[in-house]
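What follows draws every value from the coordinates through simple rules; no lab data is involved. Given the structure is predicted, the values throughout are model-derived calculations rather than measurements. Every residue, glycine among them, receives a Cβ derived from its backbone with ideal geometry; neighbour counts consider all protein chains shown.
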Amino acid sequence: MAYPASKAEAYPPPPLAQTQAVPKGRWTTGLWDCTDDVGNCCITCWCPCITFGQIAEILDRGSTSCGASGALYALIAAVTGCACIYSCFYRKRLRFQYDLPEQPCADFFVHCFCEVCSLCQAYRELKNRGFDLDIGWYANVERQTEGVMTLAPVTAGMTRY
């Protein structure tokens, strides 16, 4: 029996928890709609590493924690002042995962010139697609699979020595 190489492989992405359909190939929220979620907007303005860590944990499917991703973002920002270079790769992952267009311009430029707005947009996009970023990847998976019972595999001929 083959075992998954990591926890992320063991937990597939949870189904959407929302009742309305999410438009395929379109952003559910605009780049400059930061005030749609004032709480997240404030956190992102004062400490973008928190929002980035939450986004990264969901997009990495739990293989990196919010704290580790946020700390790496903060370290890159402190050392180089260019954490936007790191975060633009996660915008690209988000776009590929949900087949979103690269707009209003290339991911790199969106993050270089509108870092706070782009992080807020990614946060809202994942939230609109059924994730609660405040609880992390594994809690989202548990919430989505609540009530689903899994049984241990049974192999014929198991003996004790």
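Can you sort W27, W32, W46 so the residue with the fewest Cβ neighbours within 10 Å comes first? Walk me through the intermediate numbers first.
Numbers: W27 19, W32 12, W46 9.
Placing the least packed residue first, the sequence is W46, W32, W27.
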(request) Please give the FRET efficiency for E146 paired with R26, using the beta carbon to beta carbon distance and R0 = 30 Å, rounded to the nearest 0.05. (result) 0.50
(request) Give the shape of the range 30-144 as rounded, prolate or oblate, defined through the alpha-carbon gyration tensor: a ≥ b ≥ c are the square roots of its eigenvalues, a/c under 1.5 means rounded, and otherwise the shape is prolate if a/b is larger than b/c and oblate if not. (result) rounded
(request) Multiply the residue gap between A139 and V38 by 0.36 nm, knock off their C-alpha separation, and tell me the result in nm, one decimal place. (result) 34.0 nm
(message) Order 117-124, 95-102 from most to least packed using the mean count of other Cβ atoms within 10 Å.
(response) 117-124, 95-102
(request) Work out from phi, with θ = phi - 60° and the Karplus expression 6.51 cos²θ - 1.76 cosθ + 1.60, the ³J(HN,Hα) of each residue of the range 28-43, listed in order in whole Hz, and give x for Gly and Pro. (result) 8, 8, x, 4, 9, 9, 4, 7, 5, 10, 4, x, 5, 4, 5, 4
(message) I need the calculated FRET efficiency for the pair W46 and A71, taking r as the beta carbon distance and R₀ as 22 Å, to the nearest 0.05.
(response) 0.85
